[in-house]
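What follows is one structure encoded as structure tokens, with my remarks underneath.
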Amino acid sequence: MAKAFFITGTDTDVGKTWVTVTLMRCFRNQGLKVSAMKPVAAGCSRQDGMLKNTDALLMQLHASDWRSYQLINPYAFEPAVSPHLACGDSLVELDLINQSFKQLERDADVVLVEGAGGWYSPLSSDLTNAQLAEYMQLPVILVVGLRLGCINHAALTLEAINRASKQCVGWVGVVIDPVMQGLQANIDFLKSNLDVPLLGVFPNLSCQDFELLALQIDLKMLKKLI
């Protein structure tokens, strides 16, 4: 059975997808077969006759083996708003997500599941990322957007994860504000006060460079997760 992790963040647009794809690259470099999925995505565009999400396409591109788009992103919605609004009257069914996950899991050593938005962000009218992670019974990797207020956001999100009895196995910092005052001091504070290991800190980049980002991951710490 594959090892799997749920990727969540302190907010939306904090770098979850870059972290997911970078971890895929790191696990592949360790000789592991890797897949990833984004169960629910909004802000999709029509390609080849179907709605597709740019984040999910990145996961498809960086997987060890080709996987059909429908497995990677079972629910794709066009409006670029919160998924619970984008889905309209459509139902987001946990069984369908789990079926896709199980198919990915059969042919992989590691599967990463990226949520949409933050831990409590809604995926539909009656489903949140927290509930999805609970249903899938996956340990969590937390992505912390490093900007003013990140300490509070990180502490609250980790508390919520722990309250849900989910194991948070590590966190990754992503520099959102390149001129943030006291950046290193904030990172040091988080390292000391979050009771989970730091897996790496990503610099602020204007465009994706997964080779560079992979160098920021603590590989010794990553190997402990498998």
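Quick note: the coordinates plus some simple rules give every number you see, no bench work behind them. Computed from a predicted model, the values in this text were never measured in an experiment. Every residue, glycine among them, receives a Cβ derived from its backbone with ideal geometry; neighbour counts consider all protein chains shown.
State the dimensionless ratio Rg/Rh of region 1-98 (Rg: radius of gyration of Cα atoms; Rh: Kirkwood radius).
Checking Rg against Rh, the ratio lands at 0.96.
Would you calculate the separation in nanometres between label points at Phe189 and Ala164, each defined as 7 Å from the Cα along the Cα-to-beta-carbon direction?
The two pseudo-label positions are separated by 2.6 nm.
At a Förster distance of 25 Å, what's the computed FRET efficiency of Val179 paired with Glu211, Cβ-Cβ distance as r, to 0.05?
The calculated FRET efficiency here is 0.50.
Please report Val21, Val175 as a ranked list, fewest other C-beta atoms within 10 angstrom at the top and most at the bottom.
Neighbour counts put them in this order, fewest first: Val175, Val21.
Modelling each spin label as a point 7 Å along the Cα-to-Cβ direction, I'd like the Leu61/Glu134 distance in nm, to one decimal.
Those two pseudo-labels are separated by 3.6 nm.
With r defined as the distance between the Cβ atoms of Met1 and Glu78 and R0 fixed at 41 Å, what FRET efficiency is calculated, to the nearest 0.05?
For Met1 and Glu78, the calculated efficiency is 0.70.
Dividing the convex hull volume of the Cα atoms of region 47-181 by its residue count, what figure in Å³ per residue is obtained?
Hull volume over Cα atoms, normalised by residue count, gives 139 Å³.
Got a sec to turn the phi values of region 215-221 into Karplus ³J(HN,Hα) couplings, 6.51 cos²θ - 1.76 cosθ + 1.60 with θ = phi - 60°, whole Hz, x for Gly and Pro?
6, 8, 7, 6, 5, 4, 5
Of the beta bridges DSSP finds with both residues in the chain, what % are antiparallel, to the nearest 5?
Antiparallel bridges make up about 20 percent of those DSSP assigns within the chain.
Where does region 63-126 land on Rg/Rh, using Cα atoms and the Kirkwood Rh?
My calculation puts Rg/Rh at 0.99.
Starting from the Cα of Lys220, draw a straight line to each of the lysines and keep only those under 24 Å, dropping any in the same chain fewer than 8 residues away.
Lys220 reaches Lys3, Lys16, Lys33, Lys166, Lys191.
If each residue's Cβ is checked for other Cβ atoms within 10 Å, how do Ser192, Ser68 rank with the fewest at the top?
In increasing order of surrounding Cβ atoms, one gets Ser192, Ser68.
Would you list Leu132, Leu142, Leu156 from fewest to most Cβ contacts within 10 Å?
The most exposed by this proxy come first: Leu156, Leu132, Leu142.
If you keep only loop residues by DSSP, which GluC sites (Glu not before Pro) in region 16-119 have at most 15 other Cβ atoms within 10 Å of their Cβ?
Sites meeting the loop and neighbour criteria: Glu93.
Given the options Asp55, Asp65, Asp126, state which has the largest fluctuation in a GNM of the chain using a 10 Å cut-off (strictly under) for Cα springs.
In the Gaussian network model the winner is Asp126.
Looking at the P(r) of the chain, how many percent of alpha-carbon pairs lie beyond 33 Å?
More than 33 Å apart: 10 percent of the Cα pairs in the chain.
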